[in-house]
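Notes follow once the structure below has been shown.
What follows draws every value from the coordinates through simple rules; no lab data is involved. Note that this is a predicted model, so its numbers are computed, not measured. For neighbour counting, all protein chains shown are included, and Cβ atoms are generated from backbone atoms with ideal geometry for every residue, glycine included.
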Amino acid sequence: MAKDGSGIGINTRLAHSGNNPRDYFGFVNPPVVHASTVLYPDAATMAGRKQKYTYGTRGTPTMDALTLAIDALEGSAGTIAVPSGLAAVTIPLLAFLAAGDHLLIVDSVYHPTRHFADTMLKRLGVEVEYYDPHIGAGIAALIKPNTKVVFTESPGSNTYEVQDIPAIVKAAHAANAIVMMDNTWATPLYFKPLDHGVDISIHAATKYPAGHSDVLLGTVSTNAACWERLFDGFCTLGCCSGPDDIYQVLRGLRTMGVRLEHHRKSALEIARWLEGQPGVAQVLHPALESHPDHALWKRDFSGSSGIFSIVLKGGGQKEQHAFLDALKIFGLGYSWGGYESLAVPVFLGDRTVAKGSYAGPLIRLQIGLEDVEDLKADISHGLAAAAAIS
Ligand SMILES: Cc1ncc(COP(=O)(O)O)c(C=O)c1O
């Protein structure tokens, strides 16, 4: 197989990237190396610091097995594995920003990313500004001499606006700013940020790579130009993740292609069905022809994952809660990408630019691996309960 995994199918790549079984007596899976101390053979080697592994925070064979597998998927020069998806957002921002810098963040961003920017980054002297997810090339008008990072997330959290990433990259690079992208929704299977010019690709591996709602992990992958600075920030902050969690994510990666395909099919079937339900005003899923950004999604993405939102036809929090409380299979809980279906109420009150105008309350649905007919029946109970309110 080519080192970068090119020229082979995605499921073959998922099954074989990362560790080389020949390195560990032929065992197909890598060892879980619990490590802080690494021994050096002599003082000269210790002083030279050229030994492959030097200390547990800086890398282990288990960490390398996962990060090399992610590099093969992302086409990246290097990847770090950190303790959560949120850490995968905060660590590159800390590594690439300093007091006096200007940061542009898409307004449809994952809420904790906004919270980090509005609290810690502002306190550290970073100027934070939010932009419309549909801005595209128009981002050039917001870029200032001190703009260092443009942060993107596409599709956006909860409302699934698709960003024109190549246009944003072009404008940012013309001003020497780097572009980061939270690509958790698509995974590198359906969108490869670095192929579209993005410098840093961020993934909450808690979701589809882990896949079982039991492990928290994040990965950050960069092009060659950004790698040294990111790795230095990673080591400086000392926020490596534990070997057991890393191992579980590598294990999850082996089956991610088949799971994601199932999530994709089921979510799309349910989204199409929901469009015809009387209590539903709108389905916010970019792979639907009715979605305002469908053409952009079709241009850049090769698939869609298992999470989207619906807008109820009228009503407010009472209807929203009635829908949620009537569900029996869908659990009420945060996160997504696991095997089980989940539903949460959507809150857009934190937005400053992309508030949107919706006919009723929004509900986010994570479609798990259950049978579609059972999920439709469960959603029908929710819709009936919401309709019974009015
Ligand atoms: C788009 C996005 N990015 C990042 C995260 C953070 O991931 P984690 O839960 O592992 O911190 C989430 C979690 O829901 C998310 O939806």
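Taking the Cα centre of the chain as origin, sum charge times position over the Cβ atoms of Lys and Arg (+1) and Asp and Glu (-1), and report the length of that vector in debye to the nearest 20. Here the size comes out at about 440 debye. In plain terms, the bigger the Kirkwood radius, the slower the diffusion; for the range 1-124, with that radius from Cα pairs, at 10 °C and 1.306 mPa s, Stokes-Einstein puts D at 90 µm²/s. When the alpha carbon gyration tensor of the range 58-187 is reduced to an equivalent ellipsoid, its three semi-axes come out at 24, 17, 15 angstrom, largest first. Scoring 213-224, 291-302 by mean Cβ neighbours within 10 Å over their residues and listing the highest first yields 213-224, 291-302.
Ranked from largest, the principal axis spans of the Cα set of the range 230-279 equal 54, 24, 16 Å.
So how much slack lies between Met46 and Thr352, counting 0.36 nm per residue of separation and subtracting their Cα-Cα distance, in nm? Don't jump to the answer; show the numbers that get you there.
Working: separation 306, 0.36 × 306 = 110.16 nm, distance 5.26 nm.
Using 0.36 nm per residue and subtracting the Cα-Cα distance, I get 104.9 nm.
Computed from Cα atoms alone, the Kirkwood hydrodynamic radius reported for the range 252-309 is 12.2 Å. Among Phe116, Phe191, sorting on how many other beta-carbon atoms sit within 10 Å of each Cβ, with the fewest leading, yields Phe116, Phe191.
State the volume of the convex hull built on the alpha-carbon positions of the range 239-355, expressed per residue in Å³ and rounded to an integer. Don't skip to the answer; put the middle values down first.
On the way: hull volume 20.3 nm³, N = 117.
Looking at the range 239-355, the number lands at 174 Å³ per residue.
Taking every Cα-Cα distance in the range 307-351 and sorting them into 5 Å bins from zero, the calculated P(r) comes out as 5, 18, 29, 27, 16, 5, 1 percent. Across the range 147-244, the convex hull enclosing all Cα atoms gives 121 Å³ per residue. Both the radius of gyration and Dmax for the range 293-390 are 14.4, 41 Å, in that order, over alpha-carbon atoms. Helices in the chain, meaning DSSP H runs of at least 4 residues, each add -39500 (n - 2.57). Divided by all residues, the mean residue ellipticity at 222 nm is -11000 deg cm²/dmol.
The H on the amide N of Thr147, modeled in the peptide plane, is under 5 Å from the matching H of His102, each at least 5 residues off or on a different chain.
Tell me whether the range 188-293 comes out rounded, prolate or oblate; compute the Cα gyration tensor, take square roots of the eigenvalues as a ≥ b ≥ c, and use a/c under 1.5 as the rounded threshold. Display every interim value, and only then the final one.
Numbers: a/c = 2.77, a/b = 1.77, b/c = 1.57.
Cα axes put the range 188-293 in the prolate bin.
Just in the range 301-390: which trypsin sites (Lys or Arg not before Pro) are loop by DSSP and have at most 10 other Cβ atoms within 10 Å? Could you put the intermediate results ahead of the total?
Details: sites: Lys313, Lys318, Lys328, Arg351, Lys355, Arg364, Lys376; in loops: Lys313, Lys328, Arg351, Lys355.
Answer by residue number: Lys328.
When the Cα positions of His294, Ile307, Leu362 are compared along the charge dipole of the range 225-378, His294 comes out farthest toward the positive end, with charges on each C-beta of Lys, Arg, Asp and Glu.
Panel note: the C-alpha atoms of the chain, placed on their principal axes, show extents of 78, 51, 37 Å (largest first).
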